[in-house]
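S.K.: The following block contains the structure, expressed as structure tokens.
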Amino acid sequence: MDEQNASNQQDHDQSTSKLICTANHGFAPYAQEELRRRFGSVKSTMLIPGEVFVVTLESTIEAAVDSLKDNPLIFLRHIFPVLMELPGNDPDEALNQAAACLLKRDDLEGRRISVQVRKAEGSSWTESPGLLRDRLQTELSPLEADFTVTEPEWVISLFAAKNAWYFGVSDPSSNLSDWNGGAIRFQREEGQISRAKFKLLEAERQFEIPFSSFHNALDIGAAPGGWTSFLLERGLKVTAVDPAKMHESLLDHPNLRIVNKNASDVKFKEAQFDLLVCDMSWSPKLMARLVTDLLYALAPGGTAVVTVKLLTKKPMALVHEIMDIFEDSRMQIQGAKQLFHNRDEITLYMIKY
Ligand SMILES: C[S@@+](CC[C@H](N)C(=O)[O-])C[C@H]1O[C@@H](n2cnc3c(N)ncnc32)[C@H](O)[C@@H]1O
């Protein structure tokens with residue numbers, strides 16, 4: 001494909017937009033369904049089964065991105081708008097052509113740029129994505145950019161699919177996440193109690209929850225204590241409810257009260273807490289009932305963060321059923337999202353009114 005054809009791709013019908021979309025593994029069909037409900041007719045092709053797909057939406061890029069930023073979908077973790085789609089199986093040709101286009105952009109010169117590269121099985125790039133990123137960065141060296149992963153001003157995205165190469169240039173917020181594919185990574189700390197802590201760290205970023213501004217938290221289904229340790233680190237007093245044992249490193253913490261009971265057997269004072277979190281690996285409907293029975297202990301204006309297990313073949317219906325239960329209990333849903341660190345579950349962020 002020559003340069004003229006490549007730029008024709010960019011100038012394609014302005015009233016449609018093409019996006020590379022990523023969901024947690026196995027959940028892409030639900031993200032596709034959400035897109036269909038939001039945008040109506042959607043043309044979509046899977047690039048990595050169950051995980052990454054390319055869609056064409058009947059909407060301008062700006063309108064599509066604004067809509068997805070303002071009202072995020074539950075199962076859509078990451079997007080990048082496609083600037084160039086280069087069919088074919090010749091990496092040199094695709095990279096040269098993309099570089100020729102990108103080097104013409106003054107707005108990229110000398111800027112902080114994150115180059116994010118992924119590839120599908122069967123792509124014509126046979127080496128690692130890391131080497132592909134190095135190669136693209138070398139091609140782009142005349143830009144004299146600061147290639148970085150932290151706080152980039154621009155993200156240059158490349159997805160090498162089976163018979164096509166997709167390139168994008170976007171400001172990080174347009175991608176819904178500034179991590180490659182939305183796969184946000186946290187450093188595992190020494191002595192970290194559980195990986196579950198990453199879920200709350202990610203929720204904090206995703207929903208911009210000001211955890212340090214709360215005082216008294218109730219953690220339901222707290223053991224072994226990853227979430228509890230996170231809340232203690234943020235300076236909160238925590239009441240941890242779980243019949244299972246909390247990690248020994250937490251036992252003597254002065255701000256922690258441990259209640260070794262089933263959550264259906266505990267009693268608290270009215271409006272005692274300003275934060276309630278619940279991460280029980282349990283039937284979602286029973287979890288919702290159990291949590292709503294304890295909402296008297298959450299002060300009006302208080303925040304709740306709960307994970308909802310998706311133990312069903314119809315997660316969309318289930319999620320809406322659970323959200324309805326909470327909404328009927330004076331909880332306003334602020335955010336509902338399958339986070340990168342959620343496996344077969346989603347996270348709800350709610351405020352009590
Ligand atoms: C996935 S673990 C929670 C992990 C925890 N968030 C962390 O960060 O370490 C789920 C916990 O829920 C607890 N649990 C399940 N049903 C419960 C109930 N009815 N009442 C209290 N805890 C319950 C289990 O004992 C288990 O420890």
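The values are calculated or read from the model by the stated rules, or taken from the named source; none is laboratory data. This is a predicted model, so every value here is computed, not measured. Glycine gets a Cβ as well: all are built from the backbone with ideal geometry, and neighbour counts include every protein chain shown.
S.K.: For GLY182, indicate whether it is more than 14 Å from the ligand (Cβ to nearest atom) and in contact (Cβ under 8 Å) with a residue 40 or more places away in the chain.
M.R.: Judged against the criteria, GLY182 is a match.
S.K.: Give me the residue from the range 74-85 that is under 24 Å from VAL117 (Cβ atoms) and of a type in the set (A, V, I, L, M) and, out of that set, surrounded by the most Cβ atoms within 10 Å (Cβ to Cβ).
M.R.: Top of the filtered list is ILE79.
S.K.: Hey, any hits in the range 231-239 for a residue that's within 9 Å of the ligand (Cβ to nearest atom) and of a type outside the set (A, V, I, L, M)?
M.R.: No, the range 231-239 contains no residue that is within 9 Å of the ligand (Cβ to nearest atom) and of a type outside the set (A, V, I, L, M).
S.K.: Moving to a separate point now. Failed condition for SER123, given (1) surrounded by 19 or more Cβ atoms within 10 Å (Cβ to Cβ); (2) hydroxyl-bearing (Ser, Thr, Tyr); (3) within 25 Å of the chain's Cα centre (by Cα), with all others met?
M.R.: Tallying (1) surrounded by 19 or more Cβ atoms within 10 Å (Cβ to Cβ); (2) hydroxyl-bearing (Ser, Thr, Tyr); (3) within 25 Å of the chain's Cα centre (by Cα), SER123 fails exactly one: (3).
S.K.: I'd like to know if the range 195-207 contains one or more residues that are basic (Lys, Arg), more than 16 Å from the ligand (Cβ to nearest atom) and not assigned by TED's automatic domain parsing to the domain that holds ALA120.
M.R.: There is at least one residue in the range 195-207 that is basic (Lys, Arg), more than 16 Å from the ligand (Cβ to nearest atom) and not assigned by TED's automatic domain parsing to the domain that holds ALA120.
S.K.: Of everything in the range 187-220, what is under 23 Å from the mean Cα position of the chain (by Cα) and at positive phi? Give them in sequence order.
M.R.: If the condition is that a residue be under 23 Å from the mean Cα position of the chain (by Cα) and at positive phi, then GLU208 is the only one that fits.
S.K.: Next question, about the same structure. Condition first: within 8 Å of the ligand (Cβ to nearest atom) and buried (at least 23 other Cβ atoms within 10 Å of the Cβ). Now tell me which residues in the range 240-260 satisfy that.
M.R.: Scanning the range 240-260 gives a single hit, VAL241.
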